[in-house]
Each structure stands twice: as structure tokens, then as C-alpha cells.
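The structure under discussion appears below in the form of C-alpha cells.
The values are calculated or read from the model by the stated rules, or taken from the named source; none is laboratory data. Because the structure is predicted, anything quoted here is derived from the model rather than measured. Every residue, glycine as well, gets a Cβ built from its backbone with ideal geometry; the counts of neighbours run over all protein chains shown.
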Ligand SMILES: Cc1cc2nc3c(=O)[nH]c(=O)nc-3n(C[C@H](O)[C@H](O)[C@H](O)COP(=O)(O)OP(=O)(O)OC[C@H]3O[C@@H](n4cnc5c(N)ncnc54)[C@H](O)[C@@H]3O)c2cc1C
């Protein structure tokens, strides 16, 4: 497959974080890209995102970081606190020290600010054609190539593709092309999200850091977004499945119930926040196939949606996009080999990140003697030791993807 402007395009389904980054990564390698998005317009959906250096490094190379850095916040630290009495259990410094250590900043931002920056950068690139209101519905592999169809008012539009990238999220339709029985699985956890103005919160929630409040029945993360003018709250509890979508407004009664034995300041904070949206946490079995060697591949949540307990879903989607474009451009003429190399490079990394998320959930929701040992171990751990535990994750560089320290 040649990277030439008159070649068949790379077709990407979905203009979320994964699809927009993939479009920029392929265009930066000289590929023409057609990006189809089902939504009629890309609206402000989602809430806060923590963006670790493994992701911001790639966004910087693609020219995106400068476009949203002033709207993001570089937190001074991540603090783990007991939700019952707000005692600090551990503090890992971030800020300039973390940027120097991992070669890129650790930022927190509103998802809409990141998406807007990606869209602005896409708009400056003539190699990328974005169509909204265009759902990718069918993919056919024939002797003459791959045909992608999107329905139009009167008839389906058919486009010939060199490669199809499914970046259509956790409820991916394109995943069914690769493995028809491959749905997502509800984890039994619900994420509750609310955004508040920062000013009245000063004192209760420090506005210069990421605070994680740990409790056997929930954990709550708070951090600044929108240049520090707002605080993003996200809490995780057990719960029943809900309808799918970012803007699922819901009565936070289960969250309030989980906070019964939490510090009064925290309970008041949750009580006063509104509206709460609820997001059912679904995962995709990461052992399933991600590609068809005839020229189709899944990235981001479509391939391996994971729980957000390591705050890495978007970061890993950004990594996927960069590694995929590198592998395809480095293996001209043999797409099957390139896709197989992509798969081999990504699986060990994604497995390790998903395991880290599962570990966080176990440790953060611990109770009794396990919680006491956790607090003791973390208190005795130096800041240097806490940071070095993340070198393999945040120090990872897409241009040397085998590097795992
Ligand atoms: C509560 C919560 C907190 C999180 N916090 C963090 C965090 O701090 N840090 C982090 O890195 N990650 C975090 N994540 C994970 C992160 O939000 C996701 O992993 C990431 O947004 C996935 O991006 P995506 O592009 O793969 O999918 P999506 O964002 O779901 O995008 C898919 C796009 O495809 C479109 N689409 C769907 N079907 C079609 C079709 N057939 N044709 C065309 N278009 C289609 C959709 O409309 C959508 O725009 C969090 C997730 C949750 C739920």
C-alpha cells in the first residue's frame, strides 16, 4: 500500500479521540484519509480526561497539543485520600518534574477541548476529508479491493478503500465484521460525572491537583478542567446497566447511598453537584481479533474498551493510532504483515494497562485489613518510588513501541 495522494484512501469510521488521531497520524505519513462520523455534528460530549505523557507526546508531534494546552491544566500532583476522613495516603508529584521525567506533560482537560483541538488540526490538513452524518454500514472485501458503504438520502455511497480503520467506540458495529459474536460486556460498575464551577470548591477540593478519594463502596476523582475554571468529578460505584451514551442524566441516589460513611465534606460536595450523568462501564474482550488481513483493523474502544480505573482509554487509543500509521507506512505493499506487526506490538501493552486498571480497582475499593496495609505501604513509599512505578506507562514512546522499562 503506497502513501500517495492519488492512492485509495484510508477510511476511518468514527471521529472520536481514536479516529481523529488516526486521521492525523495517517495524513502525517502521506496517506489520503476519509473520515466518516455517524453524528450529524461533533458536539461537546463527555467530561474530563486525564492525559498522561504517553499520549501528550503523540498529540504534540501531531500539532494538537499547542491547540488545547491553554485550556488544559497541568496538575501539581495526584493525591490519594481516604474518603472517610480525607487523610492523604499518598502523593505523587506531577507538574514540571513529571514533564522532565517522562518528556511530555501530564495534563487534565475537558474531552470537548481535546476533540475541538483535534478537529481544528484535521481541518488544516487537505489530505483529510471529514464527513459527519455518515454511518459506515457495510464493508465488502472483493478481488478488486475493499468497498465501504455509507447510506445517503437516496442510495448508499460506495467508497473504495486501501484500509478500513474501525474507530467506532465501545459499541462498535465494525467489530462485527471481524468477529460477528464480539459484543461488549457490562462490568457491573457505573461512572457518575458532574462538572462544577471551581471557585466555591476551593478548600474542599484543591484546584491544582488530581484528588482520588478511596472507599470500599466507591472512589471519586476530582480535577480541574477548562483552564482551572471548572472541577470535573467522576465517581465509580456498582450499579445496574443504563442506556448507552455520554449524556445519560440520572438520579445519583446509588452514589449518595455509597457515600453514607464518607467524610461530610465529600458527601456535601456530591449532594450539591448537579446534574449528574451516568455511564455504564462496558469492556470488550481484548483477546478477540482486532484485524482482518485483507485490510481492516480496529483501534481504541472498538478494539479493547477497558475500565477507566487507570485513566488510560483515550491515551491508549491515541497510542494505537500512532503505532498503526507507523506500521502501515513502514511496510508498503504488504498490509497483512503490517497489521500483524501492529497486533503483536499492541497486545502486551494493552494487557498490562488493563491489568493496572483492575489492580487499581481492587486496591482503591479495599476495606478492613487490606485497606490498612494499603495505606501503610503507600505512606512508606517515597515520591521517587511512586513515580518510577509509572515509568513503563508514561515513559512509553510510540516511535519506539517495543520499549517497556
Ligand atoms: C467515566 C470515564 C472516564 C474516563 N477517563 C479517562 C481518562 O481520564 N483518561 C483516558 O485516557 N481515558 C479515559 N476514559 C476512556 C476514554 O473516554 C475512551 O477510551 C475514549 O474516549 C475512546 O475513544 P474512541 O475514539 O475509541 O471511542 P468514542 O469516543 O466512543 O468514539 C467513537 C465515535 O465513532 C462514532 N461512530 C460509531 N459508530 C459509527 C459508524 N458505524 N460509522 C461512523 N461513525 C461511528 C461515534 O459517533 C463516535 O463519535 C474514560 C472513560 C469513562 C467512561
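Odds and ends about this structure:
- Conditions (1) more than 22 Å from the chain's Cα centre (by Cα); (2) buried (at least 23 other Cβ atoms within 10 Å of the Cβ); (3) within 28 Å of residue 399 (Cβ to Cβ); number of the one not met by residue 258: (3)
- Enumeration of residues in the stretch 117-150 that are modelled with pLDDT under 95 and farther than 11 Å from residue 36 by Cα: 138, 139, 140, 141, 142, 143, 144, 145, 146, 147
- One residue from 67, 61, 8, 57 being away from the ligand (no atom under 13 Å from the Cβ) and touching a helix residue (DSSP H, G or I) at 6+ places or on another chain (Cβ under 7 Å): 67
- Considering (1) within 16 Å of the ligand (Cβ to nearest atom); (2) out of contact with any helix residue (DSSP H, G or I) (no Cβ under 7 Å at 6 or more places or on another chain); (3) part of a loop (DSSP other than H, G, I, E, B), the lone condition that residue 34 does not fulfil carries the number (3).
- Exclusive hit being touching a helix residue (DSSP H, G or I) at 6+ places or on another chain (Cβ under 9 Å), modelled with pLDDT under 95 and over 30 Å from residue 7 (Cα atoms), set 352, 379, 361: 361
- Flag for residue 345 being closer than 25 Å to residue 168 by Cβ and surrounded by fewer than 20 Cβ atoms within 10 Å (Cβ to Cβ): yes
- Residue 357 being out of contact with any strand residue (DSSP E or B) (no Cβ under 8 Å at 6 or more places or on another chain) and at positive phi: no
- Being buried (at least 18 other Cβ atoms within 10 Å of the Cβ) and out of contact with any strand residue (DSSP E or B) (no Cβ under 7 Å at 6 or more places or on another chain) holds for only one residue in 42, 62, 49, 94, and it is 62.
- Scanning the stretch 289-307 for residues being near the ligand (Cβ under 8 Å from one of its atoms) and touching a strand residue (DSSP E or B) at 6+ places or on another chain (Cβ under 7 Å) gives a total of 4.
- Of everything listed in (1) surrounded by 20 or more Cβ atoms within 10 Å (Cβ to Cβ); (2) more than 23 Å from residue 26 (Cβ to Cβ); (3) free of Cβ contacts under 8 Å to residues at least 60 places away in the same chain, the single unmet condition for residue 309 is (3).
- Against the criterion of being in a loop (DSSP other than H, G, I, E, B) and touching a residue at least 12 places away in the same chain (Cβ under 8 Å), residue 39 qualifies.
- Within the stretch 85-144, tally of residues that are within 26 Å of residue 19 (Cα to Cα), part of a helix (DSSP H, G or I) and either over 21 Å from the mean Cα position of the chain (by Cα) or away from the ligand (no atom under 12 Å from the Cβ) (or both): 8
- From the options 343, 375, residue that is farther than 27 Å from residue 25 by Cα and touching a strand residue (DSSP E or B) at 6+ places or on another chain (Cβ under 9 Å): 375
- Subset tally (residues that are assigned to a strand (DSSP E or B) and either surrounded by 15 or more Cβ atoms within 10 Å (Cβ to Cβ) or touching a helix residue (DSSP H, G or I) at 6+ places or on another chain (Cβ under 6 Å) (or both)) for the stretch 145-178: 11
- Qualifying residue in the stretch 167-178 (condition: closer than 19 Å to residue 316 by Cα, within 13 Å of the ligand (Cβ to nearest atom), at pLDDT 95 or above and out of contact with any strand residue (DSSP E or B) (no Cβ under 7 Å at 6 or more places or on another chain)): yes
- Taking the stretch 67-76 as the range and being surrounded by fewer than 21 Cβ atoms within 10 Å (Cβ to Cβ) and either in a strand (DSSP E or B) or more than 19 Å from the chain's Cα centre (by Cα) (or both) as the test, the residues that pass are 70, 76.
- Residue list for the stretch 222-233, filter: touching a residue at least 60 places away in the same chain (Cβ under 8 Å), surrounded by fewer than 22 Cβ atoms within 10 Å (Cβ to Cβ) and either more than 18 Å from residue 95 (Cβ to Cβ) or within 9 Å of the ligand (Cβ to nearest atom) (or both): 226, 230
- For the condition modelled with pLDDT under 95, more than 9 Å from the ligand (Cβ to nearest atom) and within 16 Å of the chain's Cα centre (by Cα), residue 268 does not qualify.
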